[in-house]
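Peer 1: Take a look at the following structure, please.
The values are calculated or read from the model by the stated rules, or taken from the named source; none is laboratory data. All values derive from a computational prediction rather than experimental measurement. Virtual Cβ from ideal backbone geometry, glycine too; neighbours counted across all protein chains shown. What goes into the accessible areas is simple: the full protein's heavy atoms, side chains included, and nothing from ligands, DNA or RNA. Shrake-Rupley method; radii C 1.70, N 1.55, O 1.52, S 1.80 Å.
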Amino acid sequence: MNEKLKELDKNREDSIDQFLTTNQGLRVSDDQNSLKAGDRGPSLLEDFILREKITHFDHERIPERVVHARGAAAHGIFEAYDSNSEFTKAHFLQPGVKTPVFTRFSTVAGSRGSTDLARDVRGFAVKFYTQEGVFDLVGNNMPVFFIQDAIKFPDLIHAVKPEPNNEIPQAASAHDTFWDFISITPESMHMIMWVMSDRAIPRSLRMMEGFGVHTFRFINKEGKARFVKFHWKPMLGVHSVVWDEAQLISGRDPDFHRRDLWDSIENGDFPEWELGVQIVEEEDEHKFDFDLLDATKIIPEELVPVTKLGKMTLNRNPDNYFAETEQVAFHLGHLVPGLDFTNDPLLQGRLFSYTDTQLKRLGGPNFHEIPINRSVAPVHNNQRDGHMRQEINKGQTSYSPNTIAKGCPFQAGQDMSGFTSYAERVDGQKVRARSKSFIDHYSQALLFWNSMTDTEKTHIVKALRFELGKVKMEEIRKRMLIQLAQVDQKLAVLVGNGLGLQVPSAKDVQLNLGVPADADPADYQSEPAKSDVGSSEALSMDKPQNKGIKTRQIAILAADGASGAQLTAMKEALMAEGAMVKLVAPHLGMLKPDSGEAMKIDGSLQTEASVLYDAVYVPGGQSSVDTLKQEPDAVRFVREAFMHCKPIAASGEGVDFLKATEKMGADGLLDSEGVISGQNSDDVPQQFIEAIGKHRFWSREKSLV
Ligand code: HDD
């Protein structure tokens, strides 16, 4: 058990074999009836047991996070690799050091009860309980952001949240206010490419990358500073679902991502990520054609590769959602020696916002004492009192300097792990302005577009058609087409085709942006995209990742009379590769195969759908196949798997079922890539496993580009 989990133990409560008590420890003899004046009479005010129970209930809710309200989290461990000391003195990054972590993933726009499958950025926040204090790496699953300056954050969030008059739509950016804002915020265009890409609809939280977004600093023992950008790389590869599937999952299982994270940890399939950094020497700060302080820019991995620092393994689910996942409080200002900030104006504003929001959300300045937030490094200072103070500070003094307590608690020098800010030279006039080095808003949006495969480009075009299709005001759609044309004319035309709109001509750009007359044009304009931006392979997800099929969810679709031999052979082969196999049948209970013992059915066609699975297999057995053909839900199961480009396999008579499905709205199914149909059933498992490893077969989709 890691140190943080041990520390949490003293706060854990378990009611098994215990008496029910009030909060004062009084045993309660009747928790079902309130105290009344006669059994048909009014309840009595003196019933302190009733009052305590109801009062506590009345106060159960705290404000949800103003952004990132919906999330799921897990405990784990981070183990540093061998080679980091040269770059940072941070203790948790020294060779072999193991540090407890608590990691929370989230969507951004939706409320606490919204669907996991919203098209949205995902938060990726990691709390490291290091020996030198808490370090929070509060990032996202996309490496850039919508805006360059924190002062615009409330506007961005007001625009994307449900509209204030009718609180519609929930957890969706597809509405007028969001696109109104975006259409006159060119700096958002790079991020828009990411959010409209498949990155915004991950297959699972375990298959997402994470990014610190801003440029931070590493400081080593000698005091040498370097710029760094943080990356989390999932060991299972980076994968997404398709948009139609995301929408269906939102109905079938809005907890899809949360459940997947929970289940995989319960099953012992611990999610893992490698942490890495792109390192830039201080003297190279200005060698790029973008500004390292601009959070709308990446450093292409081709220019600066990612150096791996260590591995995070999430290996324990929380015991209590509220106590841990809801009350965890992240903050960029939770920092340890060996790390420091930069002057990125988005980062600088965040440094204020996170403490402020915790004060509101968790109710006072003692949120660091809530068990999940407590540092494992000892805490001693002269801060005192406040709502819900837990610590019982001893002694006469709570000030510094003092003599009565012999100067305690002491300040620590650098050699005692004391934090000192990096002594960056700062020299400038006080101005409310944006650096001209932030002005190119389109080149990296084009870099992203160029780096996508045709499939990924098609998905971006469709996403934009969907989002802008939900926008009611035509002038907003047109302004968006103008913006997109600044990135790539073809992209704008393709989106325009879907909207039935011509791309307005370039000379209308300024006119149509609707820039307020008194605005500073620098906030709204950009240099045109550079012509030679090239592409970056690291940005595409549509490439062989060779990560196997571990933890992939596979449905075996069968009915009574299915071939016991084929079913068992497939199940065993898949499980040997670490996949999770579920038997789905028309009814729950036991399935009687044509040979061997009855098998437990994991889900019926009433509760299951292929969108909840990565692939589907139909074994032979005439009577099984005959039954399935009569079940519209079984046909739909395979048809949807086909539409969503998933691997499908059948053996023996199972192939007849695929033929029947093909006739019912799945044209070309049997000849498609990723569909394995073998009368010779022995080969099917191996081919199926290879196909699942490829995730999706996009050749089934109509390309738009
Ligand atoms: Fe933020 C929460 C990530 C910009 C203000 N943010 C929050 C969370 C994540 C991020 C992952 C959820 C933490 C959790 O799980 O509890 N935020 C980002 C990233 C940003 C970013 C990667 C840009 C690079 N955020 C940003 C700005 C501001 C905020 C510019 C304000 C000026 N963010 C907040 C907040 C939240 C928050 C209001 C809401 C709940 C919380 O902090 O604890 O303070």
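Peer 1: Quick check: is even one residue across region 239-259 in the same structural domain as Glu79 (by TED's automatic domain parsing), under 27 Å from Asp136 (Cβ atoms), within 16 Å of the ligand (Cβ to nearest atom) and touching a Lys or Arg at 6+ places or on another chain (Cβ under 9 Å)?
Peer 2: For region 239-259, residues in the same structural domain as Glu79 (by TED's automatic domain parsing), under 27 Å from Asp136 (Cβ atoms), within 16 Å of the ligand (Cβ to nearest atom) and touching a Lys or Arg at 6+ places or on another chain (Cβ under 9 Å): present.
Peer 1: Pairs, please: C-beta under 6 Å, at least 6 apart or cross-chain, first residue under 30 Å from Leu362 (Cα atoms) and in region 65-89, second away from the ligand (no atom under 12 Å from the Cβ) and among the polar types (S, T, N, Q)?
Peer 2: If the second residue must be away from the ligand (no atom under 12 Å from the Cβ) and among the polar types (S, T, N, Q), the pairs left are Ala69/Ser111; Arg70/Ser114; Ala74/Asn317; Gly76/Thr313; Gly76/Asn315; Ile77/Asn2; Ile77/Thr313; Phe78/Thr99.
Peer 1: Something else: Among the residues of region 211-228, write down those that are under 21 Å from Trp273 (Cα atoms) and more than 16 Å from the ligand (Cβ to nearest atom).
Peer 2: Answer for region 211-228, where residues must be under 21 Å from Trp273 (Cα atoms) and more than 16 Å from the ligand (Cβ to nearest atom): just Phe218.
Peer 1: How many residues, within region 638-652, are outside any loop (DSSP other than H, G, I, E, B) and surrounded by fewer than 24 Cβ atoms within 10 Å (Cβ to Cβ)?
Peer 2: Here the count works out to 3.
Peer 1: For region 379-386, check the following and say yes or no: at least one residue is away from the ligand (no atom under 16 Å from the Cβ) and touching a helix residue (DSSP H, G or I) at 6+ places or on another chain (Cβ under 8 Å).
Peer 2: Checked region 379-386: at least one residue is away from the ligand (no atom under 16 Å from the Cβ) and touching a helix residue (DSSP H, G or I) at 6+ places or on another chain (Cβ under 8 Å).
Peer 1: Only residues that are away from the ligand (no atom under 14 Å from the Cβ) and surrounded by 20 or more Cβ atoms within 10 Å (Cβ to Cβ): list them for region 92-109, please.
Peer 2: Phe92, Leu93, Thr99, Pro100
Peer 1: Would you check if Ile201 is touching a strand residue (DSSP E or B) at 6+ places or on another chain (Cβ under 8 Å), at pLDDT 95 or above and open to solvent by less than 10 Å² (accessible area, probe 1.4 Å)?
Peer 2: Here the answer is yes, as Ile201 does meet what is asked.
Peer 1: Just one of Gly395, Gly407, Gly363 is surrounded by fewer than 17 Cβ atoms within 10 Å (Cβ to Cβ), on the phi > 0 side of the Ramachandran plot and either among the hydroxyl-bearing types (Ser, Thr, Tyr) or under 30 Å from the mean Cα position of the chain (by Cα) (or both); which is it?
Peer 2: The conditions single out Gly363.
Peer 1: Would you point out which residue out of Arg122, Arg112 is open to solvent by less than 10 Å² (accessible area, probe 1.4 Å), among the basic types (Lys, Arg) and assigned by TED's automatic domain parsing to the domain that holds Asn343?
Peer 2: Selected residue: Arg122, the only one of Arg122, Arg112 that is open to solvent by less than 10 Å² (accessible area, probe 1.4 Å), among the basic types (Lys, Arg) and assigned by TED's automatic domain parsing to the domain that holds Asn343.
Peer 1: Among the residues of region 134-185, how many are among the polar types (S, T, N, Q) and more than 15 Å from the ligand (Cβ to nearest atom)?
Peer 2: Residues that pass the stated criteria total 6.
Peer 1: Name the residue, out of Phe92, Phe146, Phe102, that is of a type in the set (A, V, I, L, M, F, W, C) and assigned to a helix (DSSP H, G or I).
Peer 2: Result of the check over Phe92, Phe146, Phe102: Phe92.
Peer 1: With Met208, Met193 as the choices, which residue is at pLDDT 95 or above, within 14 Å of the ligand (Cβ to nearest atom) and either hydrophobic (A, V, I, L, M, F, W, C) or surrounded by fewer than 21 Cβ atoms within 10 Å (Cβ to Cβ) (or both)?
Peer 2: When all the criteria are applied, what remains is Met208.
Peer 1: Only residues that are aromatic (Phe, Trp, Tyr) and either under 19 Å from the mean Cα position of the chain (by Cα) or within 16 Å of the ligand (Cβ to nearest atom) (or both): list them for region 41-91, please.
Peer 2: Selection gives Phe78 alone.
Peer 1: Consider only pairs whose beta carbons are under 7 Å apart and that are at least six residues apart or on different chains; among these, list those whose first residue lies in region 138-159 and is more than 16 Å from Leu351 (Cα to Cα) and whose second residue is more than 8 Å from the ligand (Cβ to nearest atom) and among the aromatic types (Phe, Trp, Tyr).
Peer 2: Short answer, once both residue conditions are applied: Met142/Trp194; Val144/Trp194; Asp155/Phe181; Leu156/Phe146; Leu156/Phe181; Ala159/Phe178; Ala159/Phe181.
Peer 1: Another question, then. What are the residues in region 122-133 that are under 12 Å from the mean Cα position of the chain (by Cα) and either away from the ligand (no atom under 15 Å from the Cβ) or closer than 16 Å to Ser204 by Cβ (or both), if any?
Peer 2: Of everything in region 122-133, those that are under 12 Å from the mean Cα position of the chain (by Cα) and either away from the ligand (no atom under 15 Å from the Cβ) or closer than 16 Å to Ser204 by Cβ (or both) turn out to be Arg122, Gly123, Phe124.
Peer 1: Take region 317-332 and flag every residue that is surrounded by 18 or more Cβ atoms within 10 Å (Cβ to Cβ) and charged (D, E, K, R).
Peer 2: Across region 317-332, the qualifying residues are Glu324, Glu326.
Peer 1: Let me ask something else. Condition first: away from the ligand (no atom under 16 Å from the Cβ), open to solvent by 60 Å² or more (accessible area, probe 1.4 Å) and either among the basic types (Lys, Arg) or within 30 Å of the chain's Cα centre (by Cα) (or both). Can you find one or more residues in region 21-34 that meet it?
Peer 2: Yes, region 21-34 contains a residue that is away from the ligand (no atom under 16 Å from the Cβ), open to solvent by 60 Å² or more (accessible area, probe 1.4 Å) and either among the basic types (Lys, Arg) or within 30 Å of the chain's Cα centre (by Cα) (or both).
Peer 1: So is Gly418 open to solvent by 60 Å² or more (accessible area, probe 1.4 Å) and either under 30 Å from Asn11 (Cα atoms) or at pLDDT below 95 (or both) or not?
Peer 2: Judged against the criteria, Gly418 is not a match.
Peer 1: Taking the condition of being within 27 Å of the chain's Cα centre (by Cα) and either open to solvent by less than 20 Å² (accessible area, probe 1.4 Å) or aromatic (Phe, Trp, Tyr) (or both), how many residues in region 543-577 meet it?
Peer 2: Residues that pass the stated criteria total 5.
Peer 1: Six or more apart or on different chains, Cβ atoms under 6 Å: show the pairs whose first residue is in region 456-467 and of a type in the set (Gly, Ala, Ser) and whose second is modelled with pLDDT of 95 or more.
Peer 2: Within 6 Å, the pairs are Ala463/Met196.
Peer 1: Checking Asn450 against (1) farther than 23 Å from Ile298 by Cβ; (2) open to solvent by 10 Å² or more (accessible area, probe 1.4 Å): exactly one of these is not met. Which one?
Peer 2: So the condition that Asn450 fails would be (1).
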